[in-house]
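Below is the structure I would like to discuss, written out as structure tokens.
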Amino acid sequence: MTASADRQPVIVGLDGSKTDVVSFAAAAAEAARRGTTLLAVHAWLITDDHLPLEGGVRVDPSIGGRLERELEQAVHGMTAGTGLEQVETRVLYGYAGDVLCRLSEQAELLVLAGHGKGAWRGMLLGSVSQYVVERASCPVMIVHGVAAGLGGRVVVGVDGSLSSLAALCWADRLAISRRAVLTVVHAGGPSLERALFPEPSSVATLGAWEEQARRALNGWLDSALPAGRPKTVKTVINPGSATAALLEQVDEHDVLVVGRRGAGGFPGLHLGSVARRILSQAPGAVVVIPPGWSQASASTTGA
């Protein structure tokens with residue numbers, strides 16, 4: 001597939017571990033679907049191979065060259081069968097989280113494995129993924145397992161906040177590009193029930209909450225999704241835990257999308273805590289949408 005010159009790249013962070021195959025496959029699929037380029041990045045820091053000197057550190061230039069050759073060789077082996085004609089590689093010096101966050105300012109999507117410690121020192125993706133998710137300027141996909149996010153459904157959590165509505169728009173476009181059903185989940189939880197009703201254990205009260213929640217969710221769908229959008233949308237109302245409500249909708253093939261910050265009119269998704277749990281527990285792929293990510297910039301339809 002020929003990449004479009006006016007599209008920003010998909011970026012994948014690699015560290016030389018076995019998880020690279022998983023994250024590269026997911027990133028390559030997204031780049032091919034969008035008709036854009038794929039940039040494979042390895043970041044590295046000072047290690048015991050470097051000689052400390054008074055007033056600074058002298059970095060052996062041969063290390064960077066060796067890492068570049070290793071990265072190019074690894075990427076060449078993983079590119080076959082992806083539909084991409086070329087993958088750009090880049091080895092950069094610095095903490096991987098900072099390097100990737102800087103690059104995210106000019107990216108459509110950033111893809112990382114959920115964990116791993118690679119043969120190439122410097123990119124420890126357990127800690128790096130958490131750092132990047134909290135700071136990146138573009139959506140971040142965290143993948144777990146060999147089938148992570150390569151097919152299946154697209155599931156999104158919505159609570160009425162601006163960040164969750166941005167996540168809804170992004171998830172909707174992803175579902176359209178994949179010809180997948182979009183599942184939209186709104187969870188209430190005990191805190192919401194207590195806020196709305198004095199006796200939330202009542203069956204009648206719970207029914208009233210569900211009716212009100214469904215009306216709110218339908219309103220958010222009408223306001224966020226484009227007019228005339230095919231109604232291949234499944235809605236789920238769950239009065240329980242947001243984390244549990246979202247996780248029970250996905251398996252290892254699915255993509256789960258959340259906004260980075262929550263606490264909207266219905267405070268079911270406090271994405272500071274919920275996103276952290278989902279990132280560690282989701283079996284497939286999780287995409288976290290940063291605050292302020294606009295519908296215009298969240299283009300995920302294929303070229």
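The numbers here are math on the coordinates, done by the rules we state, and not lab data. These numbers were taken from a predicted model, which means no experiment stands behind them. Heads up, the Cβs are rebuilt from the backbone with ideal geometry, glycines too, and the neighbour counts pull from every protein chain shown.
Note down the net charge around Asp254, summing +1 for each Lys or Arg and -1 for each Asp or Glu among other residues with Cβ under 12 Å from its Cβ. Please list the in-between numbers first.
On the way: positive: Arg153, Arg178; negative: Glu248, Asp251, Glu252.
Summing Lys and Arg as +1 and Asp and Glu as -1 gives -1.
At a 10 angstrom cut-off on C-beta neighbours, averaged per residue, how do the peptides 73-80, 90-97, 19-26 rank from highest to lowest?
Values: 73-80: 14.6, 90-97: 18.6, 19-26: 23.6.
Top to bottom by mean Cβ count within 10 Å: 19-26, 90-97, 73-80.
Can you give the extra length, in nm with one decimal, that the chain gains between Glu68 and Val21 once fully stretched, where that is 0.36 nm per residue apart less the Cα-Cα distance? List each step's numbers first, then the result.
Values: separation 47, 0.36 × 47 = 16.92 nm, distance 1.75 nm.
So the chain would gain 15.2 nm between Glu68 and Val21.
Quick one: net charge around Val10, please, counting Lys, Arg +1 and Asp, Glu -1 for every other residue with C-beta under 12 Å from its C-beta. Mind showing how you got there, number by number?
Numbers: positive: Arg7, Arg33, Arg34; negative: Glu30, Glu88, Glu108.
Neighbourhood net charge equals 0.
Listed highest first by mean packing, meaning other Cβ atoms within 10 Å per residue, what order do 133-141, 273-281 come in? Don't jump to the answer; show the numbers that get you there.
Numbers: 133-141: 22.0, 273-281: 17.4.
Ranked by mean Cβ neighbours within 10 Å, highest first: 133-141, 273-281.
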